[in-house]
Amino acid sequence: MSAVTGAPVLSGEGLVKRFGSTTALAGVDFAVGRAESVAIMGPSGSGKSTLLHCLAGILRPDTGTVTLDGKRIEGLGEAARSVLRRTRFGFVFQFGQLLPELPAVENVALPLMLDGVPRRTAVARAAAWFAPLGLSGLEQRRPGELSGGQAQRVAIARALICEPAVVFADEPTGSLDQNTGADTLRLLTSATRKQGACLVMVTHDPTVAAACDRVIEVRDGLIRGQGSPSAAAPVHVGHGSRGGVAPVPVAGGLAGHVSPAVVNGARPVAAAPVASEGAPSWPATDVEHPAPIVAFSPGRVGTGSPGAPSRPAPGPQRPSVPVSAETHDEQGARKW
């Protein structure tokens, strides 16, 4: 088990995952503590992406356990794991994966709207994130009107708006230049730490890994080493590697290529006041009157569907985003 001070928030024990005759994970133990950041390094094919997928509830391990806040989650059905990803986990992808049809503020608000939060409330809460992240005045810009660094900061806000227990990051600076990547990385690590969330980040870059509290190296489906960032040895990556999490099937699409509306989680919250003069610089949450966890009803989210942003997009009709229908598996997820 990885060294963690205090009780781990997320842990995996004896994780084994095979794809046909290929063993991707061969008995991995992993743990991360509250507000801790851990970088997972390793060459392509080492098993680091599969480890992230198993920890995030995207894949079920063949054997072994995954525990979140003391409760096992690896045995949940797909619908229940989908709810878990919406409510307890946040995701930052290599290329942001923002919806091009929506302005930035609605991209951030989308996880809340998918969980039934009224549009006005969700957008107000999303707008409160823009100033702290250096995005003031960009709320109505669409992703194509943002720089790479700005788009990734919007993605970070989207991942954190649901107040997740864990944020999973797939090469979050892989598509950025060195200076922009460094700024984005500092923002990601500081924001997750301030939220009290864990950060689990897959990377090939030792410089990126050095921003985390701890680094583990995965090779041949096993953890071969771990320690402080200064001890992390550079990992050689072949030229043919994309450097990100490989796509795997999940409800509604592919992780790594799926819409954040399906993978990214959001915890329903009660209406919160819009930030004003004298308000904290970091968005606050109304924890005294939390709303119940709501599973989205069967159907599709898109133009004319419940929970969809009401702003019409110019040009072609925006594509709809599939949402898994509620089943009995949702009942287990509601315990969270």
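Listed residues Ala104, Ala109, Ala80; which is more than 25 Å from Val28 (Cα to Cα) and either in contact with an Asp or Glu (Cβ under 8 Å, 6 or more places away or on another chain) or among the β-branched types (Val, Ile, Thr) (or both)? First the steps, then the outcome.
Values: Ala109 fails: either in contact with an Asp or Glu (Cβ under 8 Å, 6 or more places away or on another chain) or among the β-branched types (Val, Ile, Thr) (or both); Ala80 fails: more than 25 Å from Val28 (Cα to Cα).
Answer to the check: Ala104.
Looking for something under 28 Å from Gln195 (Cβ atoms), assigned to a loop (DSSP other than H, G, I, E, B) and among the aliphatic types (A, V, I, L, M) - is there at least one such residue anywhere in segment 8-19?
yes
At pLDDT below 90, in a helix (DSSP H, G or I), among the hydroxyl-bearing types (Ser, Thr, Tyr) and surrounded by fewer than 18 Cβ atoms within 10 Å (Cβ to Cβ): does that describe Thr184? Answer is no for this residue.
State whether one or more residues within segment 189-200 are over 18 Å from the mean Cα position of the chain (by Cα) and either at pLDDT 90 or above or not in a helix (DSSP H, G or I) (or both).
Let us first name the residues in segment 189-200 that are over 18 Å from the mean Cα position of the chain (by Cα), namely none.
For segment 189-200, residues over 18 Å from the mean Cα position of the chain (by Cα) and either at pLDDT 90 or above or not in a helix (DSSP H, G or I) (or both): absent.
Of the helices (runs of 4 or more DSSP H) lying entirely inside segment 57-161, those containing at least 3 residues that are more than 18 Å from Thr192 (Cα to Cα) and modelled with pLDDT of 95 or more span 104-114, 119-127. Gly137 meets all of the listed conditions (1) touching a residue at least 24 places away in the same chain (Cβ under 8 Å); (2) on the phi > 0 side of the Ramachandran plot but one, namely (1). Consider Ala128 carefully, then state whether it is among the hydrophobic types (A, V, I, L, M, F, W, C), touching a residue at least 60 places away in the same chain (Cβ under 8 Å) and under 20 Å from Ser190 (Cβ atoms). Yes; evaluated as a whole, the condition is true for this residue. In the condition set (1) under 16 Å from the mean Cα position of the chain (by Cα); (2) without any contact (Cβ under 8 Å) to a residue 12 or more places away in the chain, Ala56 is compliant with all but (2). Of everything in segment 163-181 that is among the β-branched types (Val, Ile, Thr) and closer than 19 Å to Leu51 by Cβ, the residue that is surrounded by the most Cβ atoms within 10 Å (Cβ to Cβ) is Val167.
Candidates are the residues of segment 59-73 that are crowded, with 20+ Cβ neighbours inside 10 Å and touching a residue at least 24 places away in the same chain (Cβ under 8 Å); the one that is farthest from Phe168 (Cα to Cα) is Pro61.
In segment 48-56, the condition of being buried (at least 23 other Cβ atoms within 10 Å of the Cβ), in contact with a helix residue (DSSP H, G or I) (Cβ under 6 Å, 6 or more places away or on another chain) and modelled with pLDDT of 90 or more is met by no residue.
The values are calculated or read from the model by the stated rules, or taken from the named source; none is laboratory data. Note that the coordinates shown come from a computational prediction; the quantities given were computed from them, not determined experimentally. Note: ideal-geometry Cβ built from the backbone for every residue, glycine included; neighbour counts use all protein chains shown.
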